[in-house]
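Visitor: Please find one structure pasted underneath; my questions will follow.
The values are calculated or read from the model by the stated rules, or taken from the named source; none is laboratory data. Predicted model, so just to flag it, every value in this text is computed and none were measured. Backbone-built Cβ (ideal geometry, glycine too); neighbour counts: all protein chains shown.
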Amino acid sequence: MNLSVLQLKECVSNANSFLRVAESIEKDGLSALVMGSLNPLVVNVAFSIELYLKSIKAHESTTCEYPTGHKLDELFKILKPSTQQQIKTSFARRSEVPLDDLLSEASNSFVEWRYSHEKSVDAHPFELIKFAQILRDYTEKL
């Protein structure tokens, strides 16, 4: 799918919106999580990460090709190596969790956390928010 600059901006805007929802749940603190808001937090932040990664890849592409799929680790791996390194360096400054580990563990969070009632799921929601914020900051420079 070929994207115009306007569509890329809309994709980033959508990612920002999903991240804001996750951040608002995070700001409610532990009480919000105890009251059952962990699922919406993870789903929203995972989807924001997906959209940020897709927008970065589309921006890197000469054809503005928009990648498909939901797996965060796979979307990250298709970015240019220099982009990956820049993002990894930024993340390492803010987190003790290795980004590769986070992406591996949370790769399919957008899908799995929507159906967490069907099977056990695990994630690092606050680390995912940090990662999404780094991607947001990165996309602001595009």
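Visitor: Among the residues of region 46-56, are any buried (at least 21 other Cβ atoms within 10 Å of the Cβ), part of a loop (DSSP other than H, G, I, E, B) and under 13 Å from the mean Cα position of the chain (by Cα)? Show your work before the answer.
Guide: At the first step, the residues of region 46-56 found to be buried (at least 21 other Cβ atoms within 10 Å of the Cβ) are 46-56.
In the following step, the residues that additionally are part of a loop (DSSP other than H, G, I, E, B) were identified as none.
Looking through region 46-56, none of the residues is buried (at least 21 other Cβ atoms within 10 Å of the Cβ), part of a loop (DSSP other than H, G, I, E, B) and under 13 Å from the mean Cα position of the chain (by Cα).
This table checks each residue for (1) in contact with an Asp or Glu (Cβ under 9 Å, 6 or more places away or on another chain); (2) without any contact (Cβ under 8 Å) to a residue 40 or more places away in the chain.
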residue	(1), (2)
VAL45	yes, no
GLU50	no, no
GLN85	no, yes
VAL97	yes, yes
HIS117	no, yes
ALA123	yes, no
ILE129	yes, no
LYS141	no, yes
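Visitor: Picking from THR68, THR89, THR62, which residue would you name as being over 21 Å from LYS27 (Cβ atoms), surrounded by fewer than 18 Cβ atoms within 10 Å (Cβ to Cβ) and within 15 Å of the chain's Cα centre (by Cα)? Break it down stepwise before answering.
Guide: On the way: THR89 fails: within 15 Å of the chain's Cα centre (by Cα); THR62 fails: within 15 Å of the chain's Cα centre (by Cα).
THR68 is the lone residue from the list that is over 21 Å from LYS27 (Cβ atoms), surrounded by fewer than 18 Cβ atoms within 10 Å (Cβ to Cβ) and within 15 Å of the chain's Cα centre (by Cα).
Visitor: A follow-up question, please. Can you tell me which residues in region 75-103 are hydroxyl-bearing (Ser, Thr, Tyr) and farther than 21 Å from ALA123 by Cβ? Give the steps one after another, and end with the answer.
Guide: The initial filter retains those residues of region 75-103 that are hydroxyl-bearing (Ser, Thr, Tyr), namely 82-83, 89-90, 95.
Selection gives SER82, THR83, THR89.
Visitor: VAL97 is checked against (1) surrounded by 13 or more Cβ atoms within 10 Å (Cβ to Cβ); (2) out of contact with any strand residue (DSSP E or B) (no Cβ under 7 Å at 6 or more places or on another chain); (3) not in a loop (DSSP other than H, G, I, E, B) and fails just one. What number does that condition carry?
Guide: (3)
Visitor: Do the conditions hold for SER107, that is, is it surrounded by fewer than 20 Cβ atoms within 10 Å (Cβ to Cβ), assigned to a loop (DSSP other than H, G, I, E, B) and not β-branched (Val, Ile, Thr)?
Guide: Values: surrounded by fewer than 20 Cβ atoms within 10 Å (Cβ to Cβ): yes; assigned to a loop (DSSP other than H, G, I, E, B): yes; not β-branched (Val, Ile, Thr): yes.
In short, yes.
Visitor: Here are the criteria: (1) under 16 Å from ASP137 (Cα atoms); (2) among the hydroxyl-bearing types (Ser, Thr, Tyr); (3) in contact with a helix residue (DSSP H, G or I) (Cβ under 7 Å, 6 or more places away or on another chain). Tell me which single one THR89 does not satisfy.
Guide: So THR89 meets the others, but not (3).
Visitor: If GLU10 passes every condition in (1) more than 18 Å from GLU140 (Cβ to Cβ); (2) among the charged types (D, E, K, R); (3) over 13 Å from the mean Cα position of the chain (by Cα) but one, which one does it miss?
Guide: Only one criterion is unmet by GLU10, namely (1).
Visitor: When both residues are 6+ apart or on different chains and their Cβ atoms are under 7 Å apart, which pairs have a first residue that lies in region 66-78 and is closer than 15 Å to PHE47 by Cβ, and a second that is modelled with pLDDT of 95 or more and acidic (Asp, Glu)?
Guide: Qualifying pairs under 7 Å: HIS70/GLU50; LEU72/GLU50; LEU75/GLU50.
Visitor: Examine region 92-107 for a residue that is hydroxyl-bearing (Ser, Thr, Tyr), under 13 Å from the mean Cα position of the chain (by Cα) and on the phi < 0 side of the Ramachandran plot, and state whether such a residue exists. Break it down stepwise before answering.
Guide: First, the residues of region 92-107 that are hydroxyl-bearing (Ser, Thr, Tyr): 95, 104, 107.
Narrowing the set further to residues that are under 13 Å from the mean Cα position of the chain (by Cα) leaves 104, 107.
Those left that are additionally on the phi < 0 side of the Ramachandran plot: 104, 107.
Among the residues of region 92-107, at least one is hydroxyl-bearing (Ser, Thr, Tyr), under 13 Å from the mean Cα position of the chain (by Cα) and on the phi < 0 side of the Ramachandran plot, which makes the answer yes.
Visitor: Here is a further query. Does LEU135 meet the test of being touching a residue at least 40 places away in the same chain (Cβ under 8 Å) and touching a Phe, Trp or Tyr at 6+ places or on another chain (Cβ under 6 Å)?
Guide: Working: touching a residue at least 40 places away in the same chain (Cβ under 8 Å): yes; touching a Phe, Trp or Tyr at 6+ places or on another chain (Cβ under 6 Å): yes.
So LEU135 passes the test.
Visitor: In region 122-136, which residues are at pLDDT 95 or above and small (Gly, Ala, Ser)? Spell out the reasoning first.
Guide: At the first step, the residues of region 122-136 found to be at pLDDT 95 or above are 127-136.
Passing the criteria: only ALA132.
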